[in-house]
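Inspection log for the structure reproduced underneath, given as structure tokens.
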Amino acid sequence: MMLRCFGLLGCLLGLTIMAAQAQAVCPLDDVGIPGNCFQVYSTTGQLLDVAGPNGPTVLCAGTRIRVRYCGGENIPRTNIRYGLGCSGANTDTITTLTVPSTGPLIILQQRPNPFPAGGNGYPANRLGLQYSRSFEVRAAPVPAVQVRYCGSPFTQVFVAITNAQSNIRYEIQLGNGPRQPLTQPSGAAYPVPAGAAGLTVYANYTDALLCEGSTPVTFTAPPTAGTPGLQRLAVLPTGLAFTFSGLVNDPSFRYVLEPDAGPGTPVPATSTTFELPGASLSSCYRLRLTDACGLLNRPSAVLCPVDLQVSSADRQNTLTWSQPAGSTVTAYDLLRDGQPLATVAATDRQYTDQTVTCGVAYRYQVVARSGPATSVSAERTVTTVAAQAAPAPRLTASFRLDNSVEINLAAAAADTASRLLLRRTLGTTTTELPFSRRRPVVDQPGLVTPAQVPCYVGRLTDPCGNASADGPSACPPVLAAVPTDREGNRIDLTWAEPAGQGSGWRYRLILLDEAGQELSSSALSTATQPAQAPAPPTDRQVLRYRLEATSAAGLVVFSNVATVTRKLLVIIPTAFSPNGDGLNDVLEIKGRFLKAFSLTLYDRNGVEVFRATDRAQTWDGRIRGALAAPQVFSYRFEAVDETGQRIIQRATVTLLR
């Protein structure tokens with residue numbers, strides 16, 4: 001008997017201690033009463049209290065549950081009522097409850113007092129007892145599944161959970177195959193069973209039962225992707241810029257820009273251009289197509305950056321470039337100020353630009369051609385320098401048709417921006433010509449003769465401040481033409497040959513019309529001076545001669561235009577006899593160089609009886625169809641010669657019978 005009491009006392013003491021540790025969930029809970037115990041089960045009888053009746057229990061929102069008494073008292077199940085929340089009990093342990101969608105969840109138990117008179121730790125004078133527990137409610141976990149297709153055609157899938165949690169375990173089912181653990185939520189490759197049309201990923205909490213979510217995925221074959229193209233590589237001040245082609249924007253494909261050594265850089269499939277800061281100029285690059293499983297491996301052709309350096313010395317700019325070995329270069333295109341400069345062989349690594357101007361800044365680039373792809377260097381700028389003066393300039397001097405002198409450089413200046421300063425000597429007078437950037441320089445020397453020839457000396461100054469010495473004096477040929485008879489039918493020519501422009505001169509004498517067009521020409525002997533010109537044409541009042549001089553080296557220069565003006569001649573008879581005897585029957589005008597004239601004939605009363613403006617017009621002595629009586633007529637002759645001089649002549653003519 002004593003042992004039973006001690007045993008009962010120990011039991012009661014244990015229950016008291018355990019109850020004392022419990023806390024009320026609802027305000028009317030009976031704390032510390034023996035028999036405070038219930039557990040949660042599924043509708044199929046599976047115990048959901050994973051940690052026991054006093055441990056934390058997680059319930060799944062929306063599931064159906066049953067609650068069973070576990071206090072050890074022999075109380076009919078129908079007498080124990082349960083409800084949600086602290087408002088009261090509504091159902092017995094046979095009835096199922098639905099877990100609400102949000103938590104925490106309170107389940108309230110109300111049961112009869114098995115000892116209303118007290119004893120065994122139960123309160124006296126109490127017919128009913130209340131006990132409640134709090135549960136965590138969670139929604140079923142829904143995995144966010146990312147599927148990447150691998151291979152071409154795809155034979156594997158790469159599956160990743162993008163919202164993975166450490167307290168959730170995952171399983172995967174491919175097609176109709178068995179469920180298997182998905183041990184790498186961050187991503188793993190799985191073979192696709194033959195005929196499989198999709199997969200399903202399941203998710204369950206590790207600390208809860210019967211709270212499963214799933215995500216089905218239907219397989220969709222990715223588009224076809226070819227080998228990517230690396231079209232252009234350009235060196236930037238801070239790195240490299242790439243241009244791509246043929247990229248397919250699909251999540252199953254991955255594009256990686258790879259150097260010769262070291263890790264690659266992912267490239268978005270939506271990119272056609274991409275910059276890589278800090279990229280090395282000593283490495284070549286390719287764009288590789290891969291997939292998440294590593295099955296695809298399609299690299300582009302290789303492009304290597306071009307490293308360009310430029311320098312200047314002695315009016316020459318030197319380009320030097322290097323390029324790592326790795327790409328097949330067919331040629332290098334050189335650009336200056338954005339325009340094509342030259343194309344050189346693939347083996348060349350240096351180029352000298354000599355067509356530059358001292359003091360001018362130039363921008364250069366080198367473009368390596370590798371099939372349809374190009375690799376472009378950074379743009380480098382250099383200012384052309386020179387420490388030495390240009391050579392003394394050699395000049396050419398030649399007359400124009402207006403007798404101005406055209407002065408030019410015999411050879412182009414090394415610097416196109418160099419200033420050409422000219423000095424003219426004419427007789428005893430020396431004149432500095434005004435500076436002009438135009439080429440050739442045109443000078444009006446004034447009156448020249450074979451004894452007074454204009455000669456020109458030049459010097460060059462470049463933009464770097466260097467000045468050349470004076471070049472040799474250049475003198476154009478000067479021609480003089482003098483008539484040696486009264487009518488101007490014999491013309492003597494004298495000339496001064498070109499000086500400072502060559503030797504071995506041969507000459508051609510050219511006769512020009514008033515518009516400067518060549519009428520005739522003949523070779524001119526240089527044996528003696530003066531030389532006689534060929535017989536001039538009879539219909540030319542003004543003779544315009546020009547000398548063409550050709551040196552042994554082929555330089556052609558011209559003399560001034562030397563003119564000889566012959567006198568206009570008109571012959572009008574003093575009498576004529578229109579009597580039909582065949583002698584002097586008409587009044588006609590004779591002379592030479594008659595081109596623009598008028599002849600007006602008046603009777604004794606001053607009435608105009610005849611007018612002629614052409615030598616073919618003659619007068620037969622008729623006035624309005626009738627023969628005029630013998631009398632004296634007056635006339636007025638007016639002409640303008642080829643030089644513009646007006647000639648007026650008045651006289652009389654007698655009509656005889």
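The values are calculated or read from the model by the stated rules, or taken from the named source; none is laboratory data. Keep in mind that this is a model prediction, so the values were computed, not measured. Virtual Cβ from ideal backbone geometry, glycine too; neighbours counted across all protein chains shown. Remember, those area values only see protein heavy atoms, side chains included, never the ligands or the DNA or RNA. Shrake-Rupley method; radii C 1.70, N 1.55, O 1.52, S 1.80 Å.
What is the extension gain from SER271 to ARG636, computed as 0.36 nm multiplied by their sequence separation minus the C-alpha to C-alpha distance, in nm to one decimal?
On the way: separation 365, 0.36 × 365 = 131.40 nm, distance 9.58 nm.
Taking 0.36 nm per residue and subtracting the Cα distance, the gain is 121.8 nm.
A Förster distance of 25 Å, applied to the separation of the beta-carbon atoms of ARG650 and LEU519, puts the FRET efficiency at 0.10. Each residue was assigned an accessible area with a 1.4 Å probe, and for PHE558 the value is about 50 Å².
If R0 is 51 Å, the Cβ-Cβ spacing of THR320 and VAL556 corresponds to a FRET efficiency of close to 0.75. At an R0 of 30 angstrom, the distance between the Cβ atoms of ALA412 and ALA345 translates into a FRET efficiency of 0.65.
Each of ARG77 and THR600 was given a label point 7 Å from its Cα along the Cα-to-Cβ line. The distance between the two points is 15.2 nm. With everything on Cα atoms, drop me the angle between helix 2-21 and the longest principal axis of the chain, reported from 0 to 90° to the nearest 10. Value to nearest ten degrees: 20. Taking every C-alpha pair closer than 8 Å and separated by at least 6 residues, the mean separation divided by the residue count of the chain gives a relative contact order of 6 percent. A full extension of the chain between ARG169 and THR227 corresponds to an added length of 17.0 nm, given 0.36 nm per residue minus the alpha carbon distance. Of the residues GLU514, GLU548, the one with the largest accessible area comes first in the ranking GLU514, GLU548, computed with a 1.4 Å probe on protein heavy atoms. Within the full protein context, the accessible area of SER87 is estimated at about 110 Å² for a probe radius of 1.4 Å. One chain, two ends: VAL50 and ALA194. Fully extended at 0.36 nm per residue, the span grows by 47.9 nm beyond their Cα-Cα distance.
Summed over qualifying helices (DSSP H, 4 residues or more, each -39500 (n - 2.57)) and divided by its residue number, the chain shows a 222 nm mean residue ellipticity of -1000 deg cm²/dmol. Under the simplified labelling scheme, the THR352-SER134 pair shows an inter-label distance of 9.2 nm, with each label point 7 Å from Cα along Cα→Cβ.
Within the chain, what percent of beta bridges assigned by DSSP are antiparallel, to the nearest 5? Provide the component values of the computation, followed by the final result.
On the way: 187 of 196 bridges.
Given both bridge residues lie in the chain, the antiparallel proportion sits at roughly 95 percent.
Within the set [x] 37, 34, 27; [y] 44, 27, 26; [z] 127, 36, 23, the number that semi-axes √(5λ) of the Cα gyration tensor in Å takes when calculated for this structure is listed as [z].
With point charges of +1 on the Cβ of Lys and Arg and -1 on the Cβ of Asp and Glu, referenced to the Cα centre of the chain, which listed residue (PHE633, PRO537, ILE75) lies farthest in the positive direction of the dipole? The one lying farthest along the dipole's positive direction is ILE75. Couplings 3J(HN,Hα) for the stretch 184-192, derived from phi with the Karplus relation 6.51 cos²θ - 1.76 cosθ + 1.60 (θ = phi - 60°), are 10, x, 5, x, 7, 8, 9, x, 8 Hz, where x marks Gly and Pro. Would you report the distance distribution of C-alpha pairs in the stretch 470-514 as whole percents per 10 angstrom bin, up to the bin with the largest distance? All Cα pairs, binned at 10 Å, distribute as 20, 42, 26, 11, 2 percent.
Taken along the Cα-to-beta-carbon direction at a fixed 7 Å, the label points for ARG508 and THR565 span 3.0 nm.
Nearest 5 is fine: what % of DSSP beta bridges in the stretch 44-176 come out antiparallel, could you say?
Of those bridges, close to 90 percent are antiparallel.
Rolling a 1.4 Å probe over the protein chains gives ILE94 an accessible area of about 90 Å².
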